[in-house]
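> Handing you this structure, nothing more for now.
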Amino acid sequence: METYYSILEIPESATPEEITQAYRLLLQVWHPDRFHHSPKLLTKAEQKTRKINAAFDTLSNPALKQRYDEGLRTSGAGQGEQKRKPSGDEARTTRCPNLVCNSVLRVNARTVGKVTCPSCRTTFFHDPERDEKWDINPPETNEFLTPARMAMLAIAVLFAIVVVFAVTKKSKTIVSNKPAQTDEQATLPGNEPLAFKEEEQVRHAVDVRDGASNTPTRTDEKGTLPRNASTAETQQERLNGLDAMQRQMAQAARRAPAFPADMISDVDLRQLKTQAAQGKASAQNQLGQRYDSGRGVPQDYATGRGWYEKAAAQGHAWAQNQLGQLYADGRGVPQDYKKARQWWEQAAAQGVSQAQYNLGQLYANGRGVPQDYATARGWYEKAAAQGNAWAQAQLALL
């Protein structure tokens, strides 16, 4: 009859120290991690480990051990069968408990204690009072869902759920590490419908200058001079009117309510701030744009300017252009066309068409610089070559 003593391979008179020592040795021998190469042996090891743990939990507790011993004495299981005690130095054989080794060892019949296998160096407890053979072949049970397998299955299911959630979740805001687009339309998406109105105004101005009739234009000097004279008188007014119209449109775009796409979650905002604090110029520029326009965050020109300056110090072209716009408009700082020109020149040198157009406006209107149409035309042409519609309209008026 199998008892907790036979499971731990100790006599009933074993001390607590011997019980603990036998428990540790048996766990080393039957630990399931040693049998992953063989599913059959792994199942046996798991069953043996459960029995060893149950036996130790009972025998290591004095109160539980006393009740267990009383139950054995009552049932007669504790008496066991009387075995022949070998005499003298009679030798006997036993097998190494390591299933990989399984060597046959010869030990002294009266030896009680630790025995080390010379082949695999496995140490185990030998007692001649117990059965000669180790219980290395417990009855097999058809138990498929063992606790270990159920734990592995639960982990696999949880991992699959996390992967599916991560793949299917839609992020509210995508923070890109790529440099910001230098096209001015990237920051003013709401201006596209108004651009058509602006082009109509430009065409209307050209029609007024050329005359409302569809008659052919006179080519002689007498017919041209009067019209050129009237055009020269209103040319500056038209330039100023077109510039004022553009500024009003930009201000209207900033005052417009934020679209859902402009909103940003707290998690994405913290991520954007973390990247900006780590020195990523593109993240610093995006933060500056959000505080400048109030998109997703409270509008704060001072904070926006601070992030622009950090990105501009790293050579970020669009941040330099935005700094120039702040100084030109006087948003959060005193209006200063000279500082605006300095920032726009740095951005224009990197090919930002909006900065090139803004420089053309400064020279055409004499703001912070002497009025110079030739220089203005040069900047307009550079911006127009990149498809800037405002620059193309100003070139037409020039």
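> Under 8 Å for C-alpha pairs, at least 6 residues apart: give me the relative contact order for segment 341-398, rounded to a whole percent.
Contact order relative to length: 28 percent.
> Any idea how far apart Lys40 and Ala374 come out in nm if each label point goes 7 Å out from Cα toward Cβ?
Result: 10.0 nm between the two label points.
> While we're here: What order, most packed first, do the peptides 366-373, 306-313, 29-36, 46-53 have when packing is the mean number of other Cβ atoms within 10 Å of each residue?
Highest-to-lowest ranking by the protection proxy: 306-313, 46-53, 29-36, 366-373.
> What is segment 3-65's relative contact order, in percent, from Cα pairs under 8 angstrom and six or more apart in sequence?
Answer for segment 3-65 is 39 percent.
> If I model a spin label as a point 7 Å beyond the Cα along the Cα-Cβ vector, how far apart are those points for Ser60 and Asp33 in nm?
Output for this residue pair reads 1.8 nm.
> Zone of Leu398 (label point 7 Å along Cα→Cβ, backbone N under 14 Å): which residues in segment 339-359?
356-359
> Mind grabbing the accessible area of Leu26 for me, 1.4 Å probe, Å², rounded to tens?
Near enough 10 Å² of accessible area.
> Further question on the same structure: Does segment 270-397 come out rounded, prolate or oblate, given a ≥ b ≥ c as the square roots of the eigenvalues of its C-alpha gyration tensor, rounded meaning a/c under 1.5 and, failing that, prolate meaning a/b above b/c?
In terms of gyration-tensor shape, prolate.
The values are calculated or read from the model by the stated rules, or taken from the named source; none is laboratory data. Since this is a predicted model, take the numbers as computed values, not measurements. Note: ideal-geometry Cβ built from the backbone for every residue, glycine included; neighbour counts use all protein chains shown. Ligands, DNA and RNA are stripped out before the accessible areas are found, and what is left, the full protein with its side chains, is counted by its heavy atoms. Shrake-Rupley method; radii C 1.70, N 1.55, O 1.52, S 1.80 Å.
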